[in-house]
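Novice: Here it is: the structure, laid out below.
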Amino acid sequence: MKVPVLWLNDYVQVDDIDINELSDKLVNIGFEVEEILYAGEGINNVTVGKILDIKKHPDANKLQVCMVDVGKEITTIVTGANNISVGDVVPVALDGATLPDGKEIHAAPLRGVMSYGMMCSGSELKIDDNVIAGAEVNGILILPKDFAVGADIKDVLSLNEYVLDIAVTANRPDCQSIYGIAREVGAVLGRKVKTPILKYKTVSSSTKMPQVEVEDFELCPRYTARLIEGVQIEQSPKWMRDRLRLAGINPINNVVDITNFVLIEIGQPLHAFDLRQIDEKISVRCAADGEKITALDKKEYSLNSSMLVIADKVKPLAIAGVMGGEFSGIVSDTSAVLLEAAKFARGNIRATSRALGLRSDSSARYERGVDWSSIDMGRERALALFYQLKVGKIADATAQCETKAPSVKVIKTSAAQISALLGIDIKAASIIKILRALGFNVMQQENKLTVEVPLYREDIENYTDLTEEVIRYYGYDNITSTFLEKAHPTVGGLNMRQHNMKSLKTFMCSCGLYEVATYSFINERLYDMLRIEKESSLRNFIRIRNPISVEYAVMRTQLIGSMLKIIYNNTSRKNNDLKFFEVSKTFMPESLPLNKLPHENETLCICLSGEKHDFYELKDIVAQVLSNHGVEYKIDYSKRPYMHPGVSAEIILPQGTIGYFGKIHPEVAENFSIPENTYVAEIELETFIDLPKINRQYVPLPKFPAVDRDLAFIVEDKYSVGELISEIKIAGGQKCESIRLFDIYKGAQIQEGYKSVAFSFKIVPSEKTLTDEEIQKTVNRIVDSLKTRFGAQLRLQ
């Protein structure tokens, strides 16, 4: 919210306080000042000047030499402008001046004649017609004749003003106004806050007041209306236009400006209806499904029965709390105005605004909440402005429809209770002083405090809220650090799971992978794109009752779908060499509908995509991950529908499958519009992520020479290489190391249904050099073991 200090000073004196000190005071009481804006930023040494004489330049037909009175002296300025005359009052940038675009002005000769400054246009000062009429003219800005010659241009154009951009939290709608901020500033500075002027005179109504009716008091607890007759539409006075401009509102005309002025000053949204457009009555009702309205932004909106409208006997006039309709606007010949001040349910306004994609300053206020008392203050302030500016005559006719007014909240507490919650001792007198300064009515009886909460403080519910108010002003820096009662000191640090997770991510990054993070909610359509069968357990997902959109409709049971979407997003933007990983949860319910929380499985997903990557690169990464955590595993062909049937494998532990890796299925690549050369792995981490990492034992390098051996076996196709290697490890014992497959052969010399697999390995002695007999014993054990278990025959040639 933009708070002009000029406007704030109307209610509490702050013109004697440095702007940074004022900002710090607001921050200390819980209001973040996001930015301090200065309306005249970059404008220096620019004054009001009066042209005394104009002569043609002796050496340039398009230049003129002007004698300009700038207050302290009469100076010479050379200009090419042709919209100036003798006697005009203009802004003059003197020697050494700076302009908003960073330009510096210096005295310099122009075609032989010294020019000691520059006359400025509105665009050069970065101002428009909202600051002063004529600022948007293509030429020198002509100022009013009554501007004082020699005055600083920032003073006469109201640019010498600061604006505080304050972030007001959602629980403080009472501070979404100049007056609300003034109450807080008055309390922190200990200064009196002036009350808005609410005085005006009424006349007997000469026009029939429309009847007001409300169909649903849950959606509209209160609706009031007043009549202003004899309205004259014209420009608002400069002081009002300046305040609106500084607050970020464009002035329009006196009637609309008054409603906007009250919105910013009091925080109460108002709407002014042209009385001619109202047929007999005002009805606050729900729209009919499909009912149409054209709003003030000239767009047509289709409404539904959950949306509230302001209507007359035959048509909707406005979308309640959001925006007026085309029939409700104020035009140049409007002569009578019906002024609306109401309270609408914040949830309904928020839902309507969001559903229609239509947002306004009024809807933003209603979404935060409007209190009961601000309706009266906002309406009366607007009527006082109508009276003060002589916009029209306020009729004595009134109309309102409301539920029972809320009662004043009474909270009973004590200084001891507040002090106990804060952990410091605050005297009752200090508490009372702070609360009274904030508008609370406080009565003390012995050690008890009875606090009446003003209606505009709807956020105050109990003594804990009062405690927060007290400490905001007493000062958070007065809270002393203490150790928690009954707490025990801990060493701190990471637990085993956190340590392993950190190590895993560090290893992934060391492999050149980038970490990604995706939503746990996904589109159900991804399961079709992954070719997952209808009966698959992966489709046993949890549906979200009220998803934001279909893109976030179910809780995912796999990570591959989200990862492939990331690949698409990158490849569609010509990022083709991709290495990603994600560690996140999948959600597997025991049964549906849910009767208890689902299992949350921590899962690692790895993805490589691009011509540089292949199956073996991914396999090495997966193998190293499992090896780092001491996981003994086997692999087998994967039959998952989204994986390539010949270039993918399952990761198998004794207790079951914990993941897979390999190339994605060509149809899946086509469904996601990504390259076929994309490799993915998913590993469930829950099996080993909580376990201590293996304690590796380092041994000296062998003193004795190792022996290399190559063996080829003929086995049936049904046996995997992984099974054979595992058996070689067992049969060869600790001496057998570096077992590696180096050839697989099927051909004319091999019986159909069989294959030849060749392995190389090392036999490493630990105590002495091995004899031929000892070497042969190890080889024979391996050959016999493979023959016994797999029927493998040693291939001799």
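Novice: Among the residues of region 330-339, which ones are open to solvent by less than 10 Å² (accessible area, probe 1.4 Å) and not hydrophobic (A, V, I, L, M, F, W, C)? Show your work before the answer.
Specialist: Looking only at region 330-339, we keep the residues that are open to solvent by less than 10 Å² (accessible area, probe 1.4 Å), and these are 334, 337-339.
THR334 - this is the single residue of region 330-339 that is open to solvent by less than 10 Å² (accessible area, probe 1.4 Å) and not hydrophobic (A, V, I, L, M, F, W, C).
Novice: Here's a follow-up. Could you tell me which of the residues PRO645, PRO593 is open to solvent by 50 Å² or more (accessible area, probe 1.4 Å) and within 30 Å of ILE728 (Cβ to Cβ)?
Specialist: Numbers: PRO593 fails: within 30 Å of ILE728 (Cβ to Cβ).
After applying the criteria, what remains is PRO645.
Novice: Follow-up question, since we're still on this one. Out of all the residues in region 57-80, which are closer than 25 Å to GLY134 by Cβ and open to solvent by 20 Å² or more (accessible area, probe 1.4 Å)? Let's see the steps before the verdict.
Specialist: Restricting attention to region 57-80, the residues satisfying the condition of being closer than 25 Å to GLY134 by Cβ are 62-71, 74-80.
If the condition is that a residue be closer than 25 Å to GLY134 by Cβ and open to solvent by 20 Å² or more (accessible area, probe 1.4 Å), then LYS62, LEU63, GLN64, VAL65, MET67, ASP69, GLY71, ILE74, THR76, GLY80 are the ones that fit.
Novice: May I pose another question? LEU99 - would you say it is open to solvent by 30 Å² or more (accessible area, probe 1.4 Å) and either over 26 Å from GLY40 (Cβ atoms) or of a type in the set (A, V, I, L, M, F, W, C) (or both)?
Specialist: Values: open to solvent by 30 Å² or more (accessible area, probe 1.4 Å): no; either over 26 Å from GLY40 (Cβ atoms) or of a type in the set (A, V, I, L, M, F, W, C) (or both): yes.
No, not satisfied.
Novice: Where in region 1-88 are there strands (runs of 3 or more DSSP E), lying wholly inside it, with at least 3 residues that are charged (D, E, K, R)?
Specialist: Details: elements: 2-4, 32-38, 44-57, 60-69, 74-79.
Ranges flagged: 32-38, 44-57.
Novice: For region 476-497, enumerate the residues that are in a helix (DSSP H, G or I) and open to solvent by 90 Å² or more (accessible area, probe 1.4 Å). Break it down into steps so the answer makes sense when it comes.
Specialist: In the first step, residues of region 476-497 are kept if they are in a helix (DSSP H, G or I); the result is 476-478, 496-497.
Within region 476-497, TYR476, ASP477 qualify.
Novice: Just need a number here: residues in region 652-686 that are open to solvent by less than 10 Å² (accessible area, probe 1.4 Å) and within 14 Å of PHE615 (Cβ to Cβ).
Specialist: Of the residues in that region, 7 qualify.
Novice: Separate question: Since VAL185 meets every condition but one in (1) over 32 Å from the mean Cα position of the chain (by Cα); (2) over 26 Å from ILE349 (Cβ atoms); (3) at pLDDT 95 or above, which condition does it not meet?
Specialist: Answer for VAL185: the failing condition is (1).
Novice: In region 143-171, which residue that is out of contact with any strand residue (DSSP E or B) (no Cβ under 7 Å at 6 or more places or on another chain) and crowded, with 18+ Cβ neighbours inside 10 Å is farthest from TRP239 (Cα to Cα)?
Specialist: My answer is VAL168.
Novice: Only residues that are within 17 Å of ILE51 (Cα to Cα) and of a type in the set (Asp, Glu): list them for region 104-119, please.
Specialist: Within region 104-119, the first condition is being within 17 Å of ILE51 (Cα to Cα), and the residues that meet it are 114-119.
Across region 104-119, there are no qualifying residues.
Novice: Could I ask something else about it? I'd like to check which helices (runs of 4 or more DSSP H) are fully inside region 341-419 and have at least 2 residues that are crowded, with 16+ Cβ neighbours inside 10 Å, under 35 Å from the mean Cα position of the chain (by Cα) and touching a residue at least 60 places away in the same chain (Cβ under 8 Å).
Specialist: It comes to 361-368, 372-388.
Novice: Related question: Scan region 673-704 for residues that are closer than 23 Å to PHE587 by Cα, in contact with a helix residue (DSSP H, G or I) (Cβ under 7 Å, 6 or more places away or on another chain) and not aliphatic (A, V, I, L, M) and jot them down.
Specialist: Hits for region 673-704 are GLU682, ASP690.
Novice: Could you tell me which residue of region 420-469 is farthest from PHE31 (Cα to Cα), considering only residues that are open to solvent by less than 60 Å² (accessible area, probe 1.4 Å) and hydroxyl-bearing (Ser, Thr, Tyr)?
Specialist: Filtering first and then ranking leaves THR450.
Novice: A follow-up question, please. So GLY122 fits all but one of (1) in contact (Cβ under 8 Å) with a residue 40 or more places away in the chain; (2) within 30 Å of MET1 (Cβ to Cβ); (3) buried (at least 18 other Cβ atoms within 10 Å of the Cβ); what number is the exception?
Specialist: Among (1) in contact (Cβ under 8 Å) with a residue 40 or more places away in the chain; (2) within 30 Å of MET1 (Cβ to Cβ); (3) buried (at least 18 other Cβ atoms within 10 Å of the Cβ), GLY122 violates only (1).
Novice: Can you list the strands (runs of 3 or more DSSP E) lying wholly within region 598-711 that have 2 or more residues being out of contact with any strand residue (DSSP E or B) (no Cβ under 9 Å at 6 or more places or on another chain)?
Specialist: Working: elements: 599-609, 634-637, 643-653, 656-664, 678-684.
Strands (runs of 3 or more DSSP E) meeting the threshold: none at all.
Novice: From (1) free of Cβ contacts under 8 Å to residues at least 12 places away in the same chain; (2) closer than 30 Å to ASN575 by Cβ; (3) not basic (Lys, Arg), pick out the condition that doesn't hold for GLU682.
Specialist: (1)
Novice: The conditions are (1) in contact (Cβ under 8 Å) with a residue 60 or more places away in the chain; (2) open to solvent by 30 Å² or more (accessible area, probe 1.4 Å), and ILE689 fails exactly one of them. Which is it?
Specialist: Only one criterion in (1) in contact (Cβ under 8 Å) with a residue 60 or more places away in the chain; (2) open to solvent by 30 Å² or more (accessible area, probe 1.4 Å) is unmet by ILE689, namely (2).
Novice: For LYS762, only one of the following conditions fails: (1) under 59 Å from the mean Cα position of the chain (by Cα); (2) open to solvent by 20 Å² or more (accessible area, probe 1.4 Å); (3) in contact (Cβ under 8 Å) with a residue 24 or more places away in the chain. What is its number?
Specialist: (1)
Novice: So ASN20 clears everything in (1) more than 25 Å from ILE132 (Cα to Cα); (2) crowded, with 21+ Cβ neighbours inside 10 Å except one condition, right? Which one?
Specialist: (2)
Novice: Name the single residue that is nearest to LEU110 (Cα to Cα) among those in region 50-86 being small (Gly, Ala, Ser) and free of Cβ contacts under 8 Å to residues at least 40 places away in the same chain. Before you say what the answer is, go through the steps one by one.
Specialist: Applying the first criterion (small (Gly, Ala, Ser)) to region 50-86 yields 60, 71, 80-81, 85.
With the extra rule that they be free of Cβ contacts under 8 Å to residues at least 40 places away in the same chain, the set shrinks to 80, 85.
Details: GLY80: 11, SER85: 20 Å.
My answer is GLY80.
Novice: Still on this structure, I have one more. For region 723-740, which residues satisfy the criterion of being part of a strand (DSSP E or B) and open to solvent by less than 60 Å² (accessible area, probe 1.4 Å)? Write out each step before concluding.
Specialist: Narrowing region 723-740 to residues part of a strand (DSSP E or B): 736-740.
Listed by number, the residues that qualify are CYS736, ILE739.
Novice: Only one residue in VAL231, VAL255 is among the aliphatic types (A, V, I, L, M), open to solvent by less than 20 Å² (accessible area, probe 1.4 Å), over 19 Å from ARG365 (Cα atoms) and not in a helix (DSSP H, G or I). Which one?
Specialist: Numbers: VAL255 fails: not in a helix (DSSP H, G or I).
Just one listed residue meets the conditions, VAL231.
The values are calculated or read from the model by the stated rules, or taken from the named source; none is laboratory data. Only a predicted model underlies this, so the values are computations on that prediction, with no experimental measurement involved. Neighbour counts are summed over all protein chains in view; Cβ atoms, including those assigned to glycine, are modelled from backbone coordinates with ideal geometry. To get the accessible areas, we keep the full protein, side chains included, count just its heavy atoms, and leave off ligands, DNA and RNA. Shrake-Rupley method; radii C 1.70, N 1.55, O 1.52, S 1.80 Å.
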